[in-house]
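Before any comments, here is the structure.
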Amino acid sequence: MYEITDSVARDFASHFHPIEDFSFEFMGKKYSCTRGIETSLNNQGGYLRQDNFFGSELEFTLYDDCRSYPLAFQLYQNTSKNYRIFLYTKGNKMLTSVNLTTGLEKNNSGRIIFEIQIKITSPQNISPEERKYLRDECIGRLRDYGMRIDKNNRVFLGEYDIPLNSFIHGEPKDFITNMLIVGICRNAKLFDL
């Protein structure tokens, strides 16, 4: 039986070193990501998180036509003992996350299935109907982009095989790009969509 351990997390993280600068288009906007940011987001009270398996390797500055956004992908074991990848921007705002531990629990073949369920959680002062509308709008945008989404509003980002220590669908850069697009879509107001 397979489980996510620090060793598995380290092996997984090793596939992302280095991710070079990249660009993509989403909703008619062009984005580019360059490695590095002015002030690290891999920070807890002024100290670098020692348990982030990505370290500062997956910190980027995202540029669109008008602005720049600092981004940090972080992989660590959270307080619930789940290994998760988080995507943060300035102000410690989490754009999205994906759970390695529960991805593995769905299937005991040693494969991690990466899925993000689309839910709209902010702003907190909107009605359930408005949340549903925003969720459906986000799902429509992601489908238009070509992402696979199931009937439970889960976006498929890829698979990773623990025994083979490799991605099954796509490359690490594809995974990072798709996770970033989900983060942008879930936070449409922040990114002026």
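Each of Met27 and Lys81 was given a label point 7 Å from its Cα along the Cα-to-Cβ line. The distance between the two points is 3.9 nm. For the stretch 6-186, the relative contact order works out to 17 percent when only alpha carbon pairs closer than 8 Å and six or more residues apart are counted.
Could you sort out which of Lys29/Lys173; Lys30/Lys151; Lys132/Lys189; Lys119/Lys189 sit more than 23 Å apart by Cα distance in this structure? Too far apart for the 23 Å limit: Lys30/Lys151.
Return the single residue from Gly183, Gly55, Gly170 with maximal mean-square fluctuation; model: Gaussian network over the chain, springs between Cα atoms under 10 Å. Maximum among the listed residues: Gly170.
Of the residues Asn125, Pro18, Tyr88, the one whose Cα sits farthest toward the positive end of the charge dipole of the stretch 6-186, with +1 on the Cβ of Lys and Arg and -1 on the Cβ of Asp and Glu, is Asn125. Hydropathy at least 0.0 by Kyte-Doolittle, axial extent at least 15 angstrom from the Cα trace: which helices of the chain, defined as entire DSSP H runs, fit? Span-like helices in the chain: 172-186.
Extension gain, Asp144-Asp6: 0.36 nm per intervening residue step, less the Cα-Cα distance, totals 46.0 nm. Based on DSSP H segments of at least four residues, each scored -39500 (n - 2.57), the chain has a per-residue ellipticity at 222 nm of -7500 deg cm²/dmol.
Every number here is computed from the coordinates shown, using simple stated rules; none is lab data. Note that the structure is predicted; figures quoted are calculated from it, not measured. Reconstructed Cβ throughout: ideal geometry from the backbone, glycine too, with neighbour counts over all protein chains shown.
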